Structures are given as C-alpha cells and as structure tokens.
Amino acid sequence: MTTWTDYLLTDSPSSRRQARLGQMYRKWLAFRRNPLAMVGLCIIVALLLVAAFAPLIATADPLAQNLDRRLLPPSGTNVFGTDSLGRDIFSRIVYGTRVTLVIVLLVVVSVGPIGLLIGATSGYLGGWVDRALMRMTDVFMAFPRLVLALAFVAALGPGLENAVIAIAITAWPPYARVARAETLIIRQQDYIAAIRLQGASQWRIVWKHVVPLCLPSLIVRTTLDMAGVILIAAGLGFLGLGAQPPIPEWGAMISAGREQIFDQWWVATFPGIAICIVALGFNLLGDGLRDVMDAR
Amino acid sequence: MTSVVESPVRRRSWGETAGRWAKIASRELVTVAITIFGLLLITFFIARVIPIDPVLAVVGDNARPETYEAARIELGLDKPLWQQFAIYVGKVFTGDLGRSVLTSNTVVDDIKRVFPATLELATLGTLIGCLLGIPLGVVAAVYQGRWPDQVARIIGLFGYSIPVFWLGLMGLLLFYAKLGWVGGPGRAGVAFQDLITPVTGILMIDAALEGDWDAVRDAWSHLVLPASVLGMLSVAYISRMTRSFMITELQQQYVIAARVKGLSEFRVVWRHAMHNAFVPLVTVIAVSYMHLLEGSVLTETIFAWPGLGRYLTNSLLNADMNAVLGGTLVIGAVFIGVNLLSDILGRLVDPRTR
C-alpha cells in the first residue's frame with residue numbers, strides 16, 4: 001500500500017507514465033477532500049450500477065400491466081405504489097435509469113466533439129472563420145434552449161431519437177465557446193510556436209496539441225451541463241415529445257401521474273425525486289471537478 | 001498659480017461621450033440585426049424540414065392535382081428557396097406570422113392576447129428570485145467557506161436540479177390541495193372568470209383599476225404559487241452570481257477604507273459593497289428573466305396559465321406549425337430585446353462607462 005502511494009507521490013518520477021499517474025492521483029486526493037463532490041460521485045456511480053443491474057434490482061417487469069392492481073399506494077410489494085395501468089413504479093424508475101443514461105451519453109457523444117472542433121478551429125484560425133462561427137453560436141444562444149428544442153421536435157416528430165437530436169442541436173454552442181476561449185490562450189504559448197516552426201500542419205496543431213489541453217474545462221462543462229440535459233429531456237418527455245410510452249422515461253411518468261396528483265400523489269412524486277437526485281449528482285460532481293481540474 | 005498637471009480623472013466632453021455612445025449603439029445594432037437574421041433563418045429552416053406538407057394542410061387530402069398545384073403556387077412553394085426566405089422575412093417584418101389552425105386567429109393576435117399573462121408571471125417570478133437570491137448570495141459571500149455559504153451552495157445546487165414542472169405539481173399538491181393556501185390552476189377563480197375587462201392584460205392591475213379588491217385578491221392567490229415556483233428557478237442562479245460579485249467587491253480596498261473609518265459591518269456590506277456589486281448584477285437579473293420566460297413554458301402547462309408558454313405547447317401538440325414558429329420567434333425576439341436592454345442598463349448604471 002505504502003509502496004503504491006510512494007510510487008505515485010514521488011518528487012522525481014522516472015517515467016512519463018509515473019508522472020502522469022502521480023498527477024492524476026494528486027487530483028483525486030484533492031477531489032476526495034470535497035465531501036459534496038464525493039456525494040455527487042457516489043450518486044453517479046450508483047446510477048451506473050442501477051442501470052447495469054436493473055433486472056436484478058427491479059421487483060417486477062416495468063412493462064407488465066395489471067389492471068386489477070391499478071393506482072395502489074406504496075406498500076411492501078410495490079415500494080413506490082403502482083400507476084394507472086397497474087405497473088410497479090419502483091421497477092419503472094429502476095429501468096428509467098437506462099433511458100436517462102442513453103439520452104445523456106448520446107448527447108455527450110454528439111455534442112462534445114462538435115463543440116470542441118468548432119471552438120478550437122474558431123479560436124485557432126481566428127479572422128473571418130472565427131467571426132462567422134461565433135456569430136452562429138450567438139444566434140443559437142439567443143434562443144432559450146427548451147423552446148428551440150421544442151420547435152425542432154415539433155418539426156422532426158416526437159420520439160427519443162428526435163429529442164436527443166433536438167437537445168444536441170441546442171446544446172453545442174456553450175461547448176464551442178469554452179473550447180474557443182481555451183484555444184485563444186493556448187495558441188499564444190511558445191510551445192505552439194515551436195511546433196509550428198517544426199512544420200506541423202494546422203490540423204495537426206489543433207487536433208494533437210490544442211484539443212487535448214481544452215479537454216479538462218470541457219469535461220467540467222459537460223458534467224455541469226448533464227443536469228440541464230436531463231431536465232430538458234424530462235421536460236420533453238413530460239410534454240409527450242420525448243420517449244414514447246411504454247418506455248419508462250421519468251418525465252413521461254410524471255406526466256402520466258399528473259391527472260391523479262391530488263388523489264394518488266405517489267405516481268408523479270417518485271419519478272420526480274429520481275430526476276432531482278440524478279441531476280443533483282451531476283451538479284455536485286461537476287462542481288467538485290471544476291475545483292480540481294481548472295483552478296482558474 | 002495654475003497647475004500644469006492635468007487631473008488624471010479628466011471629464012469627457014459632451015461631444016466625446018455622444019460619439020462613444022453612437023459608436024457603441026451602431027455596433028450593438030449590427031449585432032442585433034445579425035442575430036435576428038439568424039433567428040429567422042432557423043425558424044424558416046424548421047418550417048422547411050417538417051414532414052407535414054403545407055399544401056395538403058391547406059387544400060386537404062383529396063384535392064385534385066390542379067387545385068394542389070394552384071395552392072402550391074399561391075403559397076410560393078414553387079419559387080427557389082432564397083426567394084421563399086425573402087418572402088418569409090418580408091412577412092415577419094410586416095407583422096404577418098400566418099394564421100393559427102387551432103384558434104383560426106392570426107398568430108400575432110393570439111400572441112398579443114396571451115403574452116401579458118406570461119409577462120405577469122415572469123416578472124413576479126424574477127422579483128421573488130431577486131428578493132431571495134440576492135440576500136442569500138450576500139450572506140454566502142460574507143460567510144465565505146462557513147456553514148451559511150455551504151447552505152446557500154446546497155440550495156443553489158438544488159435549484160439547478162429540480163424539474164420545474166415537478167416542483168409545480170408538488171406545490172399544487174401541498175399548498176392548494178392539502179393546505180388550501182392558494183388558488184388552484186388557472187388565472188382566476190370560477191367566480192371571477194372573464195369579469196374584468198382587460199386594459200393592460202395583467203389581471204391584478206386591471207382588477208385594481210376597476211377597484212374590485214376581491215378580484216385582486218383572487219388573482220394574487222392564483223399568481224403567487226406559479227410565480228414562486230418560477231422564482232425558485234432563478235434563486236439558484238442569482239444567489240450564485242451575487243456571491244461571486246460580492247466576494248470580489250469585499251476584497252477591494254475601499255471596503256478596508258470603509259471599515260477603517262469605523263462604519264458598521266452592515267453598512268459596509270449592504271451600502272458600499274452591494275452598491276458596486278449591483279452593476280454586474282443587472283445583467284444577471286436580465287438573463288434570469290429570460291430563463292423564466294423559458295421556464296414558463298412548462299410552468300404554464302402545469303398551472304393551466306393562459307400565457308405564451310401554454311399557447312406554444314398547445315399548438316405543438318396539435319401540430320399547428322404557424323403558431324409554434326410564431327411563438328418561438330417572439331420568444332427569441334424578446335430574448336434579444338432583453339439582452340440589448342440589459343447591456344444598455346448595465347452601461348448606464350456603471351459610472352466608468354459614462
């Protein structure tokens with residue numbers, strides 16, 4: 001045990017890998033000191049575990065209807081009660097973690113690289129390319145995200161894929177902004193000038209040297225943004241424009257419980273709590289990562 | 001004896017100030033023009049990608065080919081895309097957003113009718129957000145790193161994590177159904193429905209103008225919950241920004257000077273530091289106002305509030321594209337307007353830019 005920490009914390013690392021691992025370990029130590037961030041990390045890890053082992057955790061089939069057991073209050077067999085089609089709400093929430101994760105992952109995978117590329121290109125090349133691209137982000141950011149996403153879903157038609165596309169279209173501009181701001185600082189550095197003098201192409205400089213340095217602030221930005229993505233996805237689901245029934249999407253589940261809110265409160269309440277916890281987890285994690293990863 | 005050294009703080013002449021302002025104004029105008037152009041481009045693009053055939057929507061499914069073709073030409077869909085866009089822009093600027101299929105009014109008339117309700121909601125929401133958020137942020141800054149700061153941080157993070165439509169439902173469940181403190185969904189109770197003649201469109205003011213205080217109370221009881229729910233959304237953002245501005249201000253030397261002069265801590269914080277922190281806060285309040293307009297889309301759906309948000313979602317669910325795009329465009333334009341206004345206001349309250 002001590003040998004490992006010695007290896008990681010040494011002042012004179014003997015290899016690049018050791019230095020890099022040592023740096024990561026130090027960051028982890030700093031991160032661990034922040035209790036709120038650790039709570040966030042635990043929530044996200046729990047989310048991943050629940051999604052992975054959903055069939056083991058769920059007490060019933062999330063799609064199995066049982067009209068004899070409609071709208072039952074929380075009890076021993078149905079921990080969170082049943083909905084208007086007699087489905088077990090706890091099991092639906094458990095399976096809903098998968099839907100949430102799919103949405104989040106798809107948005108990250110599509111938005112991150114696009115925002116990064118546009119921002120880094122814009123910042124590195126400057127001139128009219130920069131002006132044109134930044135004007136474009138201005139226009140998109142002039143729109144409220146939810147309203148723009150709504151308009152896109154209205155055009156594309158409701159559904160999980162279209163909701164993801166709409167969210168992605170509205171989500172990239174802030175990423176481009178962050179990447180551009182980072183690039184503007186990085187490109188002034190001497191080592192970039194050195195690489196340029198060695199004859200590296202502009203693409204090589206952007207991809208190999210600028211982009212990797214933008215990553216930390218983008219990761220922070222992404223984590224903080226995930227809560228927003230989850231809330232917008234839930235909002236679209238709530239309006240019936242996101243995942244379609246019978247998919248156990250949390251926003252749609254709240255919408256389904258809306259009519260019975262005064263008599264059967266549990267139908268809408270528990271999915272909402274699930275959304276809150278997961279969004280809070282991403283927010284806490286992002287907050288902690290920001291403190292560790294970019295000190296500025 | 002006259003001093004040869006000019007004072008370092010030279011007052012700008014009137015001409016200089018006017019020239020600077022003209023320069024700033026022209027730059028702002030170009031920005032706004034480009035943004036509005038982009039806005040129109042996006043709504044036009046959305047209108048083009050919809051799978052619904054706009055011609056069929058007019059002539060019906062069983063139209064003869066000749067009728068179909070005539071309608072297509074009438075709608076201008078045979079022209080090249082850039083010409084269609086030019087026509088669209090021309091129409092928008094003459095105040096023609098088309099006709100809503102759902103209400104069979106023009107979209108402009110519809111929006112004029114529903115917008116005051118949203119304005120009422122978002123304004124009170126922002127007010128609540130400021131009244132709670134600013135003190136919270138100031139306290140967090142003063143007790144930086146100690147428990148009040150942690151509490152403020154947790155409240156802020158919760159504010160960023162709660163879906164507004166769920167919060168609205170929970171509010172209705174608790175304050176309306178269980179406690180009976182507030183009126184239910186809608187803008188007015190059944191007894192007061194359509195009794196007040198709209199003057200400003202803002203129910204409470206109209207009722208007060210008529211001197212009907214029962215109606216004012218009723219309107220208030222319906223307004224207070226949705227506005228508070230919206231306000232909670234902005235508390236997180238406003239308090240967080242207030243905190244960071246106040247931390248900057250409290251490190252300034254004038255704060256030390258004020259303390260050395262023996263002013264009470266209350267006066268130092270709330271008069272001296274707060275005064276300066278307020279300058280950047282203007283922009284923050286404007287931004288949160290815009291976010292509340294966005295939040296009103298979902299909140300209005302929950303509270304059956306007859307505003308722009310509900311109009312938008314209603315049209316959406318009925319595939320009433322003219323209304324959707326018109327509403328989107330208006331919200332976008334309001335965003336740009338508020339942004340511009342906050343920019344100007346920020347410059348006005350900041351003595352350094354004078």
Matching option when the condition is surrounded by 10 or more Cβ atoms within 10 Å (Cβ to Cβ), β-branched (Val, Ile, Thr) and modelled with pLDDT under 80, among B:Thr35, B:Thr17, B:Thr43: B:Thr17
Need pairs with beta-carbon distance below 6 Å; first residue in contact (Cβ under 8 Å) with a residue 24 or more places away in the chain and within segment A:248-261, second of a type in the set (Phe, Trp, Tyr); sequence gap 6+ or separate chains. A:Pro248/A:Tyr95; A:Gly251/A:Phe238
Subset of segment A:238-251, residues under 16 Å from A:Gly157 (Cα atoms) and either more than 10 Å from every other protein chain (Cβ to nearest Cβ) or among the charged types (D, E, K, R) (or both), comes to A:Gly242, A:Ala243, A:Gln244, A:Pro245
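Just name the residue that is farthest from A:Ala252 (Cα to Cα) out of those in segment A:263-280 that are more than 21 Å from the chain's Cα centre (by Cα) and within 8 Å of another protein chain (Cβ to nearest Cβ). Break it down into steps so the answer makes sense when it comes.
Applying the first criterion (more than 21 Å from the chain's Cα centre (by Cα)) to segment A:263-280 yields A:263-270.
Cutting the leftovers down to within 8 Å of another protein chain (Cβ to nearest Cβ) gives us A:265, A:268-269.
On the way: A:Trp265: 15, A:Ala268: 9, A:Thr269: 12 Å.
Applying the filter and picking the extreme gives A:Trp265.
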Would you mind telling me which numbered condition in (1) buried (at least 18 other Cβ atoms within 10 Å of the Cβ); (2) small (Gly, Ala, Ser); (3) at pLDDT below 90 B:Gly145 fails? (1)
Of the residues A:Tyr191, A:Tyr175, which single one is away from chain B (no Cβ under 12 Å), hydroxyl-bearing (Ser, Thr, Tyr) and within 15 Å of the chain's Cα centre (by Cα)? A:Tyr175
Please work out if A:Met134 is closer than 22 Å to B:Leu298 by Cβ and surrounded by fewer than 22 Cβ atoms within 10 Å (Cβ to Cβ). no
Got a sec? Which of A:Trp250, A:Trp203 is within 30 Å of A:Glu182 (Cα to Cα) and among the aromatic types (Phe, Trp, Tyr)? A:Trp203
How about segment A:252-262: which of its residues are within 10 Å of another protein chain (Cβ to nearest Cβ) and closer than 17 Å to A:Asn78 by Cβ? A:Gly257
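The rows are residues; the columns are (1) more than 19 Å from the chain's Cα centre (by Cα); (2) aromatic (Phe, Trp, Tyr); (3) surrounded by fewer than 16 Cβ atoms within 10 Å (Cβ to Cβ).
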site	(1), (2), (3)
B:Arg64	yes, no, yes
B:Glu69	yes, no, yes
B:Gly76	yes, no, yes
B:Leu97	yes, no, no
B:Thr118	no, no, no
B:Ile134	no, no, no
Report the residue count in segment A:89-116 for those that are in contact (Cβ under 8 Å) with a residue 24 or more places away in the chain and over 30 Å from A:Pro74 (Cα atoms). 9
Residues satisfying the stated conditions in segment B:249-300, i.e. acidic (Asp, Glu) and surrounded by fewer than 19 Cβ atoms within 10 Å (Cβ to Cβ): B:Glu265
Criterion violated by A:Pro158 - all others in (1) part of a helix (DSSP H, G or I); (2) within 14 Å of chain B (Cβ to nearest Cβ) satisfied: (1)
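Is it the case that some residue within segment A:116-131 is within 13 Å of chain B (Cβ to nearest Cβ) and either at pLDDT below 90 or part of a helix (DSSP H, G or I) (or both)?
yes
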Considering A:Thr82, A:Thr97, A:Thr77, which residue is surrounded by 18 or more Cβ atoms within 10 Å (Cβ to Cβ), assigned by TED's automatic domain parsing to the domain that holds A:Gln260 and over 29 Å from the mean Cα position of the chain (by Cα)? A:Thr82
Within segment A:3-26, is there a residue that is touching a residue at least 24 places away in the same chain (Cβ under 8 Å) and not assigned by TED's automatic domain parsing to the domain that holds A:Val278? no
Helices (runs of 4 or more DSSP H) contained in segment A:1-92 and holding at least 1 residues at pLDDT below 80: A:2-9
One residue is enough: does segment A:267-282 have a residue meeting the conditions surrounded by 24 or more Cβ atoms within 10 Å (Cβ to Cβ) and free of Cβ contacts under 8 Å to residues at least 24 places away in the same chain? yes
Report those helices (runs of 4 or more DSSP H) wholly inside segment B:100-202 carrying at least 3 residues which are within 12 Å of chain A (Cβ to nearest Cβ). B:147-161, B:164-171
Sole miss for A:Glu182 among (1) touching a residue at least 40 places away in the same chain (Cβ under 8 Å); (2) of a type in the set (Asp, Glu); (3) out of contact with any helix residue (DSSP H, G or I) (no Cβ under 9 Å at 6 or more places or on another chain) is condition (3)
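The values are calculated or read from the model by the stated rules, or taken from the named source; none is laboratory data. Note that this is a predicted model, so its numbers are computed, not measured. Neighbour counts are summed over all protein chains in view; Cβ atoms, including those assigned to glycine, are modelled from backbone coordinates with ideal geometry.
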